[in-house]
Amino acid sequence: MIRPAPERDAAIVLQNVQKRFGTTYAVRDLDLVVPRGSLCGFLGPNGAGKSTTIRMIMSIIYPDSGAVRVLDGSALAKKDQIGYLPEERGLYRTMRVVEFLAYIGTLKGLDGATAKRRALEWLERIDLPGQAKKKCQELSKGMQQKVQFIASVLHDPELLILDEPFSGLDPMNAMLMSRVITDLHDAGKTIIFSTHQMRTAEALCDRVVLINRGEKLLDAPLAEVRTAFDEHTIIIEPQHEDSALMQRLRGLPGVSDVRRDEENDAHLLVRLNDEQNLQAGMVAVMAFAPMHSVAIKRTSLDFVFLKLVGDSGGAAPIAPAARVSTTGAPRS
Amino acid sequence: MNTPESTASGRSTGMTKILTVAWREFKYTALTKAFVFGAIILPMVIWAVIAVMPLLISREPPPLTGTIAIVDESGLVSAEAEKAFRAAAERSKDTVGDAIAIVGAAQSGDIAAMQGMAEPIGTVNITVEGTTDPTAAEALRERVRSNELLGVAVIDPQLLTDQPQNATLELLVQSTSSPKHTTMYERILRSATVKARVALTGGNYEQLSAMLKNPVMDTQRVARGGGTAKESVVARIFVPFGFMLLLWISVFSSGQYLLTTTIEEKSNKVMEVLLSAVSPMQLLAGKILGQALVSAVLIGVYGVVAMSGLALLSMADLVPPMLLVYLVIYYVMAYFMVATMMAAVGSAVSDLREAQALVTPAMLVLMVPMILWMPISDSPNGMLAVVTSFIPPVIPFVMILRLAASEPIPMWQTMLSLVIGFASMFVMLWAAARIFRVGVLMQGKPPSPLELLKWIHYQ
C-alpha cells in the first residue's frame, strides 16, 4: 500500500535500528528514510520512542543494533550541517542571549563575528528585538525556547531536527514558529520535527512518520496517507433535520453508516460502502433531502493516528525509555 | 568530497571547538566579579591584614602609673619587684632594645623570657609599697577595691623556702586592669619571688640563670653545592607547607569550578545542545583546558605574592629556582589528577548535593598530605615520606613537601614519582573521559562510586 521513500538522495536513513533500556524496547526494528528536502512530521504518543530515535540520529546515543546514516555519513562527522533542538530546553542562565547564541554558533563552525551578526538578525526575525543583551535567565520560558530555536538554525544547517518545537509556545508564537519552519523548508532545508499535535503536523508536513511502542506504524508522504486512509465519508448539513432523517439516510443504497459529527452538531457524517463512488453518493444525498452543504470529508491525521495507534494496542505506558540510561553509553 | 584541505580544516575545527569551550570556561569563571573579588582581592586583603596586624597590635596601650602593694614578711620580694618594675619603666622607653632582647631570648631558647618581652606594655611607672606585716593585707585589699592601689600581692612565706610546692602567690588587681598589665604584674612577681628564694638559699641568681640558659645554636648543613648553609626552622617547616598550600589551593579551586560548571551544564539541560555541536571528548578537553588557565592564574598570582613577600623579608634564597621548576611540573600533575576526578563526578550528577557523596572519598585521600605535612617536612627522607611519594593521588603534594624541605632527596625517588605520577595521571584522564561521555547524558538517580567506575567499561 504505502511504500517508504527510496534510500538514494535521503537525508536520514535508519536500517533495522534497535534500542533497549533495561528490559524495555525504546525502538524496535526501525527502518526509516527521510528524503532530502522533505518536511517530515515525526508522530507518536508520549513515550513512543520519538526522542530516543532523534537522539540516535544525532549520535548522542547509539543503537544496540542496526545502522544510522545522516547526510551520507555519521551525525558526529556532520554535526556542523545539522541543527538540533532537543526536547529538554537549556541555556546558560547567566550568559547574555547574544553571547550564548554566538558561542553555540562558533561551536557549529561559524566565526565569532558572523555568529553574532546572524544571532542579531534572527532575534529580529523571531520577534525578540532588544533581548540580545539580556541574561538568559531574565527571559520568559517561551522566549528562552525561541532563543534555543535560533541556536539550532544559526549556522544555516542543511538538516534541521526539532524535538517538540511547539510545546510550551502560545498560539501566536506557535504560528510564528510554523511560518519560520515553512520558510526554511522553502529554502531547501530538510526538516524533521517530532510532535503529538496532529493538526500542526497536518498543516506543515509533506511527509509523516508515525511510531508507537518503538515500532514504526507509518512512513509516507501526507497525500498518500490521506488516500490510503480515506474515510470514504461525506459531510452533510441538512436544511431540516428530523429524527427520522438519519434512519432514512441509512436506508439509501451504498450508505454503510450515518452518525453525527462530534465536532459540529449540525453536520452528519455519511460513510459510503467502499465500492460506492463518492461523487455519485453526494448526488444521491442531495436528491434525497434539501441540504445547506455537502462535502467530501478529508482524512485527518487524528483519524489515522487513533486508528493505527489503537490497532497497535494503544499507546505505551510512559516508560523511562526516553531517558538515557547506562546502556545508552555513547561511543567516544 | 574529502580533499586533503577539507580534512585539515576538519581537524582544525575540532581544535577550534576545544579552544572555544576552553575560552568560555575561563571567561565565565575567572573574568567574573565573584572570582576577581573572592579568589584574588579577598586573599590579598587577608594577607595585607596579616602583614599589618602586628603593627596594629604593637601600638602602645595608655601609660600606667600607680602603686602595687606587696605583703612580704621577708621584704626581699618587694625589693626585687621594685627593681623589676623600675626596669620595666626603663624598658618601656626603649622599644629597640626590647626587640634585640627578644631575638636574644629566642636564640637562646628562653621561651618564657621571650614571651615576657614580646608583650609591649606601654609606658609604666609603678612604685612598690612593701610591708612585712601580714595583718595589713585586708586593709590593702580594701584600697585596691577603692582603686587607690593598682593591686596587692600576698607572698606566702613558704614560697621562699626550698619546699614551695603547695604555696601560692595571691594577687588582687583592679576590676579595670587590662590583661596585658595583669600578666606583667604576674611575671614580675613570679620572677621576684624566685630571685628572693635563690638569695635566701645563698645562691647567685644571675650566675645560676646564666648557667641554666640554653646555648645559642649555629647549625649549618651541607648544601647541595657542597658548601654549608644556615639551617632554619622557617625553611624546614613553613616553606614546604607554603609550597604545598599553593599547589593545593590553586588546584582545588579550579577543580571545584570544573565540578560546578559541569553540573550547571547538566542541570540547565544545556548539555544536549552542546553535544549536538561538540563531542563529549572535545567538551571535556575544552573544559579541562579552560580551568587549567584559571588554576594557572591562581597559582601565578598567589605565587608571585608569596615570592615577593619572601623577597621583602630577604628570605628569597630559601626557594631555589629548581624548586619552582618542580612546582610547575607537579602542578601540572596535580591539576590533571584533580580535574579529571572533578569532571568525572560532575558529569555523573545533577546537582552539587549529589556530588558531595562522590567527592568526599576523593577529598579525604587528598587531605592526607595536609595531615602528613609535619611528619614529612620534619623527616623528608623518612619511610612515610618515601612510601607516600609513590601513591598516585598524593604524589604531587608529598613530593612538593619533600622537595621544598631542606633535606635533599635521592634523584631516583623524584624520577620514579614523576614516572608513576604522570602514568597514573594519564590513566585517570582516560578513565575520566570514559566516565564523562556516559555521565553527561545521565539523568535521575546519581551513581554510587562503584557504579561510576563501572562506566569505564561501557562500550
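The values are calculated or read from the model by the stated rules, or taken from the named source; none is laboratory data. None of these values were measured; they are calculated from a predicted model. FYI the Cβ positions are ideal-geometry reconstructions off the backbone, even for glycines, and counts take in every protein chain you see. These accessible areas exclude ligands, DNA and RNA; they are computed on the full protein's heavy atoms, side chains included. Shrake-Rupley method; radii C 1.70, N 1.55, O 1.52, S 1.80 Å.
General observations
- One residue alone among A:Leu210, A:Leu162, A:Leu139 is of a type outside the set (Lys, Arg) and open to solvent by 10 Å² or more (accessible area, probe 1.4 Å), and that residue is A:Leu139.
- Count of the range B:362-385 residues, restricted to those that are in a helix (DSSP H, G or I), open to solvent by 30 Å² or more (accessible area, probe 1.4 Å) and modelled with pLDDT of 80 or more, is 11.
Every residue, every condition in (1) under 35 Å from the mean Cα position of the chain (by Cα); (2) within 14 Å of another protein chain (Cβ to nearest Cβ); (3) crowded, with 20+ Cβ neighbours inside 10 Å, yes or no:
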position: B:Leu274; (1), (2), (3): no, yes, yes
position: B:Pro280; (1), (2), (3): no, yes, yes
position: B:Gly290; (1), (2), (3): yes, yes, yes
position: B:Ser295; (1), (2), (3): yes, no, yes
position: B:Ile299; (1), (2), (3): yes, no, yes
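- Taking every residue in the range B:346-366 that is more than 16 Å from B:Gly444 (Cα to Cα) and free of Cβ contacts under 8 Å to residues at least 12 places away in the same chain and pairing it with any residue that is open to solvent by less than 30 Å² (accessible area, probe 1.4 Å) and of a type in the set (A, V, I, L, M), at least 6 positions away or on another chain, yields no pair with a Cβ-Cβ distance below 6 Å.
- Residue list for the range B:183-212, restricted to those being touching a residue at least 12 places away in the same chain (Cβ under 8 Å), of a type outside the set (Lys, Arg) and part of a helix (DSSP H, G or I): B:Thr183, B:Met184, B:Tyr185, B:Glu186, B:Ile188, B:Leu189, B:Ser191, B:Ala192, B:Thr193, B:Ala196, B:Ala199, B:Leu200
- Residues of the range B:34-83 that turn out to be open to solvent by 80 Å² or more (accessible area, probe 1.4 Å), modelled with pLDDT of 80 or more and assigned to a loop (DSSP other than H, G, I, E, B), as a count: 1
- Residue within the range B:255-270 that is modelled with pLDDT of 90 or more, touching a Ser or Thr at 6+ places or on another chain (Cβ under 8 Å), open to solvent by 10 Å² or more (accessible area, probe 1.4 Å) and not hydrophobic (A, V, I, L, M, F, W, C) present: yes
Matching residues to (1) more than 12 Å from every other protein chain (Cβ to nearest Cβ); (2) touching a Ser or Thr at 6+ places or on another chain (Cβ under 8 Å); (3) open to solvent by 50 Å² or more (accessible area, probe 1.4 Å); (4) under 20 Å from B:Leu441 (Cα atoms):
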site: A:Ala75; (1), (2), (3), (4): no, yes, no, yes
site: A:Glu87; (1), (2), (3), (4): no, yes, yes, yes
site: A:Phe100; (1), (2), (3), (4): no, no, no, no
site: A:Ala115; (1), (2), (3), (4): no, yes, no, no
site: A:Leu128; (1), (2), (3), (4): yes, no, no, no
site: A:Lys133; (1), (2), (3), (4): yes, no, yes, no
site: A:Gln144; (1), (2), (3), (4): no, no, yes, no
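- Checked against the criterion of being free of Cβ contacts under 8 Å to residues at least 60 places away in the same chain, out of contact with any helix residue (DSSP H, G or I) (no Cβ under 7 Å at 6 or more places or on another chain) and within 28 Å of B:Val304 (Cβ to Cβ), the candidates B:Val332, B:Val398, B:Val394, B:Val387 yield just one match: B:Val332.
- For B:Val325, the test of being open to solvent by 30 Å² or more (accessible area, probe 1.4 Å) and either within 14 Å of another protein chain (Cβ to nearest Cβ) or modelled with pLDDT of 85 or more (or both) is passed.
- Criterion (open to solvent by less than 80 Å² (accessible area, probe 1.4 Å) and touching a Phe, Trp or Tyr at 6+ places or on another chain (Cβ under 8 Å)) met by exactly one of A:Glu237, A:Glu231: A:Glu231
- Of all residues making up the range B:415-430, the number that are under 13 Å from B:Val338 (Cα atoms) and either outside any helix (DSSP H, G or I) or within 14 Å of chain A (Cβ to nearest Cβ) (or both): 1
- Here A:Gly44 meets each of (1) small (Gly, Ala, Ser); (2) open to solvent by 10 Å² or more (accessible area, probe 1.4 Å); (3) touching a residue at least 40 places away in the same chain (Cβ under 8 Å) with one exception, condition (2).
- As a summary of the residue check, B:Val319 satisfies the conditions (1) farther than 20 Å from B:Met425 by Cα; (2) within 14 Å of chain A (Cβ to nearest Cβ) except for the one numbered (2).
- Selection status of A:Leu39, in contact with a His (Cβ under 8 Å, 6 or more places away or on another chain) and within 25 Å of A:Pro157 (Cα to Cα): yes
- Among (1) out of contact with any Cys (no Cβ under 8 Å at 6 or more places or on another chain); (2) within 12 Å of chain B (Cβ to nearest Cβ); (3) surrounded by 23 or more Cβ atoms within 10 Å (Cβ to Cβ); (4) not charged (D, E, K, R), the one test that A:Ala119 misses: (2)
- Selection status of A:Arg226, touching a residue at least 40 places away in the same chain (Cβ under 8 Å), in contact with a Ser or Thr (Cβ under 8 Å, 6 or more places away or on another chain) and open to solvent by 40 Å² or more (accessible area, probe 1.4 Å): yes
- Here A:Lys50 fits the description: buried (at least 18 other Cβ atoms within 10 Å of the Cβ) and more than 14 Å from every other protein chain (Cβ to nearest Cβ).
- If the condition is being touching a residue at least 60 places away in the same chain (Cβ under 8 Å) and not hydroxyl-bearing (Ser, Thr, Tyr), then the range A:56-77 contributes A:Ile57, A:Met58, A:Ile60, A:Ile61, A:Asp64, A:Val70, A:Leu71.
- Any hit, the range B:438-447, residues being more than 24 Å from the chain's Cα centre (by Cα), away from chain A (no Cβ under 14 Å) and exposed (fewer than 15 other Cβ atoms within 10 Å of the Cβ): no
- Tally of residues being among the aliphatic types (A, V, I, L, M), modelled with pLDDT under 85 and under 21 Å from the mean Cα position of the chain (by Cα) across the range A:62-114: 1
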